[in-house]
Structures are given as C-alpha cells and as structure tokens.
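Accompanying notes for the structure given below.
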Amino acid sequence: MTRHAVLYQAAALCLAYPDDEFHARLPLLRAAAPTALDGFLTHAETTEPRELAAHYVRVFDFKNRHSLYLSWWRDGDTRRRGMALVRFKEVYREHGMEFTGEELPDFLPAVLEFSAHAGPVLLQEHRSGLELLRIALTDFGTPYAVVLDAVCATLPGPSPKDRAEAQALARSGPPREDVGLQPFALIGEHSS
C-alpha cells in the first residue's frame, strides 16, 4: 500500500456517481478520508441526494472540459486514444490486476482505486490531464475541485513543465485528428 492509498480510495468513491451506495458509504468516508477531502464531504453530506446527483451530471456529463477519462486530456477523441487505453490495461496487468469495469480503463475513479493498491504510476503519467481537470473544476466552482486538489497534492511537483504543459493544453484543447484522403493520395503517387 502506498502512503496515499486511503486518499486515493476515498477520492475514487467521491468521484463516482452519487447513487444510494455512495450515500450509504458517506459515514465511512467521513471517518476514514483525509481532512483534505472535508470540503467535498461536507458538501455531499449537506446536499439533498437528487441535487447532488444532478450536480454530478452537470459537472461531468455535459462538458468534455471536465472529462474523468484521463486519456482524453492528452489524446482527445483521436485514434491515438485507443493505444492510450491499451497502455492503461497493460499497466493494470503489470501490477497483477485485470481491468473488468463497465467504464473505460482510464476512468479516473478506476485509476484512483488502482493507485490505492499499486501506487500513482498512472496518475503521474497523466499529471497534466489531472491538473487541467483540477483547473477546469476550480473555474467551474464545483466542490469536486477539492478532490482533485487533494489528489494532485500527493504527486511530485508540480514542476514548471507540468504547469506549462497543462496551460498550453488548456489554451489549445485536446488534440484533434485530421482525417482525410491525403494518405490515399500519397499511396497513389508512389505507385505511379
């Protein structure tokens, strides 16, 4: 277990959809979670369950700028993202775990749960995406930003490279794939 295992496990639960199971676990979260999550937990405890669920949907389901899928921050909706998802599964396997969730393997709550057992290797690899998500949630004014603040605080840095990379990606957005017929024209040119 890593030094921050309890925080990662608690953060994974905080970032999951706030269903009945989430509300049943709130007392356990309050008892076990580090104080860094107090702001979010207080919000969750004092917000009516339907409103908390509606807030979750507003924050995470309508805006890619709040994507909980870490590979999206680096690769957007491009073909490269498929290879990134394979990488997540490979890292899980390297640590003796098989990803079997309903979500994609880069879903932040799944990555946090993995990190609670195996350490923050994937969190570190996707630090810029985490920082971009943290900034976006802070700007949106949601208590979920507290969870990202706590997770990012456990990682080495932030180094200037992480901040610069996060700011550059925030300005330009995730990469877009230019798909067209150019490769076919090149093939035809070489065969003539």
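Key figures
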item: Translational diffusion of segment 1-135, µm² s⁻¹ [Kirkwood Rh, Cα pairs; Stokes-Einstein; 25 °C; 0.890 mPa s]; result: 157 µm²/s
item: Solvent exposure, largest accessible area first (probe 1.4 Å, DNA, RNA and ligands not counted), of THR154, THR42; result: THR42, THR154
item: Euclidean distance of C-alpha centroids, segment 1-40 and segment 96-145, integer Å; result: 14 Å
item: Candidates per GluC sites (Glu not before Pro) in segment 95-162, loop by DSSP, up to 12 other Cβ within 10 Å; result: GLU98, GLU102
item: Low-density loop positions, GluC sites (Glu not before Pro), segment 1-78 - DSSP coil, at most 12 other Cβ in 10 Å; result: none
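The values are calculated or read from the model by the stated rules, or taken from the named source; none is laboratory data. This one's a predicted model, so the numbers in the text were calculated from it and none came from an experiment. Note: ideal-geometry Cβ built from the backbone for every residue, glycine included; neighbour counts use all protein chains shown. To get the accessible areas, we keep the full protein, side chains included, count just its heavy atoms, and leave off ligands, DNA and RNA. Shrake-Rupley method; radii C 1.70, N 1.55, O 1.52, S 1.80 Å.
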